[in-house]
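Remarks on the structure that follows.
The values are calculated or read from the model by the stated rules, or taken from the named source; none is laboratory data. Since the model is a prediction, treat every value here as computed from it, not as a measurement. All Cβ positions, glycine included, derive from the backbone under ideal geometry; neighbour counts span all protein chains shown. Heavy atoms of the whole protein, side chains included, go into the accessibility calculation; ligands, DNA and RNA do not. Shrake-Rupley method; radii C 1.70, N 1.55, O 1.52, S 1.80 Å.
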Amino acid sequence: MHSSLGTDAKLSRRVLQDRLFKLILVGVALGVVLLLTTIIGFVIQQGISVINWSFFTHLPQPPGASHSGILNAILGTLMLTVLASLISIPVGIWCGVAMAEHPLHPLVKWAQVSVDGIQSIPSILFGIMAYLWVVVPMGQFSAVSGAVALSMIMLPIVIRAVEEAVRRVPTTMREASLALGVSPFRTTIKVVIPCALNGILTGSLLGVSRISGETAPLLFTAFGSPFLVISIFQPVQSMPILIYNYATSPYADWQQIGWGASLVLILFCFVLSVGTRWVFKR
Amino acid sequence: MTDRWFKIGLLVAPAFLITLVGGMAFTLMWGASSSFQQAGWGFYTQLTWDPVHHVYGGGVFILGSVVTTLLALCLAIPVALAIGLFTGYYFTTGPIAVMSQWVLDLLASVPSVIFGFWGLMVMVPAVRNIEMWLGVAPYGVGLFSGSVVLATMMIPLTASLIRESVATVSAELKEGALALGATPLEVVRHIVWPISLPGIGSAIMLGFGRAIGETMAVTMVVGNANHLPTHLFDPTNTIASLIASEFGETSDPVVVAHLIHLGLILLALSLAAGMLGRYIIRKQS
């Protein structure tokens, strides 16, 4: 007897193929995910041994000296991210609102292409641009130039988030405000932006988490420094540059400090990116 | 009055963005102009980069970037597909899926310099052992190491994009096929695969665009040798690594112009991949 599914032999072959495929797929997927987990595990295992209070409160020391810390890199990264945010969050809100308000304007269509374009630019090229725009005219490496490079990476992330959030504000809210005689400008400031605030904050924090680990654009802008720098017109150390320098150094104790800094940086990026997504989802 | 300014301001914003991109393009073109004039088209075929003898060719780095990235893609795609199907079709809910997604999100947020550090300290010694076993020069760093680190970094991103695309396949179609007696494998092959193919294609293109511009992790493990790789384990160099290691070191305006010229080529490759990826998505929707 032949069923519409074919013979029993054919059926069992199909079932066997299905089982085999699932087995291989699950094996590969779980195997690789486990392997990738070991990378994180390795950073934690190496990094945790050097992290203590003085790790956060001391400056880097020469190889072999005790009480080496990463204070200047932490402060430098904070300085760079704050400066970059001061540039890209206001500009990003301005551009994002504009693009959400007039989605069909021809200028906006070209601006969309521009934002897509900025997002595809490899991050090292922002370093070259900031070098030509800021470092060459100023005559030296500086925190400002690094912040300019980072702000260009952050800008499209903020714009996209703001645009998305503003579009999601119900038209009825806007119309209600306009019907009450409120001017379009005040409607945007008092109704649209507050309604979109969650999205704007999420985008900004995601942008910060993205740039806080960026290394390449800082190589020839913020450059790095062994000292505690407070001026924004001086070369400044940052977490990623410190990790790069210490990772490629031949000294075992410097490499160990690099692992400690890596762990701190991963935690920082992770808490920002996953934390914001988790908090603002509700 | 404020409303008038507000309206103008809203139109100035897109104009500003267009000008910004134009300014970026102009800056790079202007910075590379002397390289265009001096090297011309020969820059693409010249395979020697020798600043001491003033011979500058970009061929090695262009090929190095493309080969490293393609090799990384070959390593990453099968794995990303497996993970994408695993979390997007077979295990969409449950603790294993949630844990896997959590790990992928975590890895996607890890800065590339840390992948490079891991590559240098864990993977390079392992590759060196493989090389000794195979009987090739045991540098550890090289084309293979660079590609493996790149693939490792690409997997979380491409797998997440593939999962999104696989998960959008409508439940009715899948359940309909299952109800007609298809095995899950046949559902994957005849329904999930054709429907999500554009999404998978665009995920791969976006992964390529991201990977070719990736700098730090590759710089640390690719070997920074300015010649074409003759075999899989040979040290070589990529455009991004060359810029990272030479741009800050040189004060010679000729070298700077050539490096910016290479940067423009990198930009063109990355833009082409990004545009193709977005085009595929747009065509689908």
### Summary
Buried accessible area between A and B, both sides, 1.4 Å probe, in Å² rounded to 100, is 6700 Å²
### Task
Give me the distance between the Cα centres of the range A:102-134 and the range B:240-256, rounded to whole Å.
24 Å
### Message
Using 5 Å bins from zero, what percent of all Cα-Cα pairs in the range B:1-91 falls into each bin?
### Response
3, 10, 9, 10, 10, 9, 9, 11, 10, 9, 7, 3, 0
### Task
Could you give the DSSP H helices of chain A that reach 18 angstrom or more along their long axis (alpha carbon positions) and whose average Kyte-Doolittle hydropathy is no lower than 0.5?
A:8-48, A:71-101, A:143-168, A:197-211, A:252-281
#### Entry: Radius of gyration and Dmax over the Cα atoms of the range A:193-232, both given in Å
15.1, 45
### Query
Which percent of the accessible area of the range A:71-281 is formed by carbon and sulfur heavy atoms (probe 1.4 angstrom)?
71 percent
#### Entry: Whole-number accessible area per residue in Å² for the range A:8-48, which is evaluated in the context of all protein chains at 1.4 Å
64 Å²
### MRE, 222 nm, helices only [DSSP H, n ≥ 4, -39500 (n - 2.57), over chain A, to nearest 500]
-23000 deg cm²/dmol
### Crossing angle, helix B:143-167 versus chain B [Cα axis fit, 0-90 degrees, rounded to tens]
40 degrees
### Task
Work out the FRET efficiency for A:VAL113 and B:THR230 from their Cβ-Cβ distance, taking R0 = 30 Å, and round it to the nearest 0.05.
0.15
### Shape box of the range B:223-285 [Cα atoms, principal axes, largest first, Å]
48, 33, 13
### Task
Please work out, to two decimal places, the log10 of the ratio I(q)/I(0) at q = 0.07, 0.09 Å⁻¹ from a Debye calculation in which every Cα of the protein assembly as shown carries one identical scatterer.
-0.46, -0.75
## Note on the structure
Counting only protein heavy atoms with a 1.4 Å probe and every protein chain in place, the carbon and sulfur fraction of the accessible surface of the range A:8-48 in whole percent equals 73 percent
### Query
With axes computed from alpha carbons, what is the tilt in degrees of helix B:124-134 against the longest principal axis of chain B, rounded to the nearest 10 within 0 to 90?
90 degrees
## Note on the structure
Taking chain B and counting helices only, DSSP H stretches of n ≥ 4 at -39,500 (n - 2.57) each over all residues, the nearest-500 ellipticity at 222 nm comes to -24000 deg cm²/dmol
## Note on the structure
For B:VAL113, the net charge from surrounding residues (Cβ-Cβ under 12 Å; K, R +1; D, E -1) works out to -2
### Task
Anything losing 50 Å² or more of accessible area from the isolated chain to the full protein assembly: pick those residues out of the range B:106-152, probe 1.4 Å, ligands and DNA/RNA ignored.
B:LEU106, B:LEU107, B:SER109, B:PRO111, B:VAL113, B:ILE114, B:PHE117, B:TRP118, B:MET121
### Query
Per residue Cα convex hull volume for the range A:8-48, in cubic angstrom?
31 Å³
#### Entry: Solvent exposure of the range B:60-284 as accessible area per residue, Å², 1.4 Å probe
38 Å²
### Message
So if the hydrodynamic radius of the range A:71-281 is defined as the Kirkwood radius over C-alpha pairs, what does Stokes-Einstein give as its diffusion coefficient at 37 °C and 0.692 mPa s, in µm² per second?
### Response
178 µm²/s
### Query
Expressed as a whole percent, how much of the Cα-Cα distance distribution for the range B:108-239 exceeds 18 Å?
62 percent
### Task
Measure off, as a whole percent, the carbon and sulfur share of the 1.4 Å-probe accessible area of chain B, all protein chains present.
69 percent
### Directionally averaged projected area (convex hull, Cα atoms, the range B:100-150), nm²
4.0 nm²
### Query
What average number of partner chain Cβ atoms lie no more than 10 Å from the Cβ of the residues making up B:78-91?
4
### Query
Given 5 Å bins starting at zero, what is the percent of C-alpha pairs of the range B:38-184 in each, up to the one with the largest pair distance?
2, 8, 12, 13, 14, 13, 11, 9, 7, 5, 3, 2, 1, 0, 0
### Query
From largest to smallest, what semi-axes in whole angstrom does the range A:1-111 give when each is the square root of 5 times an eigenvalue of its alpha carbon gyration tensor?
53, 37, 8
#### Entry: Probe 1.4 Å, protein heavy atoms only - accessible area per residue of the range A:96-186 in square angstrom
41 Å²
### Task
Counting residues in the range B:60-284 as N, plug N into 2.2 N^0.38 Å and put the Cα Rg over that result.
1.15
#### Entry: Relative contact order (percent, whole number), the range A:54-138, Cα cutoff 8 Å, 6+ residue spacing
14 percent
